[in-house]
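Written out below as structure tokens is the structure these notes cover.
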Amino acid sequence: MLAVLTSAPPITRQWVVDQLVQFQTLPGDPGFPRYTHPPERIVTLAAVLVPLINRPAGVTVMLTQRTAHLTDHAGQISFPGGRVDEGDLDRVYTALREAEEETGLARDAVHVIGTLPEYDIATGFRVTPVVGWVEPPVEYDPDPFEVAEVFEVPLTHFLDPGNHQRHSDEVNGRRRSYYAMPYQQRNIWGATAGMLYSLYEALRG
């Protein structure tokens, strides 16, 4: 049974840091068999930024709507990020660089506070989600080639298990299961929802 945050403390930067540290020692349960790359597969390393914006009305999660013409994950809702470049120092550097290039979110405005478990995507990527804390004011200047829109969703939406949906379908003879966490008219699903579920697991205590 999914746990709901009841009588939760205020969502502060330090509280999130503490929860992420604790989560590293207590591996979570994705709720169903999650796709992992077979050992023989050559994977593409990538990283995304999971930006938590400390708005006066409550912490939000920043997401992007990808443009419809992209080769990978066109039109989908995702975190800003991408593949690791040769000159990148580490996955944190990749996440901050890609977020700045895609959304205009200045990397020096982001306080990196932890990471979530690596997430394998069937298209060949192994993604490290990097969690960042951002204090307003926040300015976005999205790259029109990659990003159709930058928007924010209250963090509490993702921390309520009543907003978590589980789906399954069959692709190329393989049954796959995935999460969806719709918000208003936006369908947040797949890898993005899976990483948000990891965030939920970390913060539910």
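The values are calculated or read from the model by the stated rules, or taken from the named source; none is laboratory data. Predicted, not measured: the structure shown is a model, and the values here were computed from it. All Cβ positions, glycine included, derive from the backbone under ideal geometry; neighbour counts span all protein chains shown.
Values computed for the structure shown
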quantity: The range 141-167, subset part of a strand (DSSP E or B) and within 14 Å of GLU98 (Cβ to Cβ), residue modelled with the lowest pLDDT; calculated: VAL147
quantity: Residues (among the aliphatic types (A, V, I, L, M) and at pLDDT 70 or above) located in the range 1-16; calculated: ILE11, VAL16
quantity: The listed residue being at pLDDT 95 or above, within 17 Å of the chain's Cα centre (by Cα), in a strand (DSSP E or B) and surrounded by fewer than 18 Cβ atoms within 10 Å (Cβ to Cβ), out of VAL59, VAL112, VAL131, VAL127; calculated: VAL112
quantity: Where a residue in the range 126-142 is within 24 Å of PHE23 (Cα to Cα) and its partner, wherever it lies, is aromatic (Phe, Trp, Tyr), with Cβ under 6 Å and at least six apart; calculated: VAL127/TYR119
quantity: Any chance VAL138 is modelled with pLDDT of 95 or more, part of a loop (DSSP other than H, G, I, E, B) and surrounded by 18 or more Cβ atoms within 10 Å (Cβ to Cβ); calculated: yes
quantity: Qualifying residue in the range 22-43 (condition: surrounded by 14 or more Cβ atoms within 10 Å (Cβ to Cβ), assigned to a helix (DSSP H, G or I) and modelled with pLDDT of 85 or more); calculated: yes
quantity: Where a residue in the range 36-63 is more than 28 Å from ALA109 (Cα to Cα) and its partner, wherever it lies, is surrounded by fewer than 22 Cβ atoms within 10 Å (Cβ to Cβ) and charged (D, E, K, R), with Cβ under 8 Å and at least six apart; calculated: THR36/ASP120; HIS37/ASP120; HIS37/ARG126; VAL43/ASP120; VAL43/ARG126
quantity: Qualifying position, being surrounded by 15 or more Cβ atoms within 10 Å (Cβ to Cβ) and within 16 Å of VAL48 (Cβ to Cβ), among ALA202, ALA180; calculated: ALA202
quantity: Checking TYR183 against (1) without any contact (Cβ under 8 Å) to a residue 40 or more places away in the chain; (2) under 19 Å from LEU45 (Cα atoms), the condition it does not meet; calculated: (2)
quantity: Checklist (1) among the hydrophobic types (A, V, I, L, M, F, W, C); (2) modelled with pLDDT under 95; (3) surrounded by fewer than 21 Cβ atoms within 10 Å (Cβ to Cβ); (4) in contact with a helix residue (DSSP H, G or I) (Cβ under 6 Å, 6 or more places away or on another chain) applied to ALA122, failing item; calculated: (4)
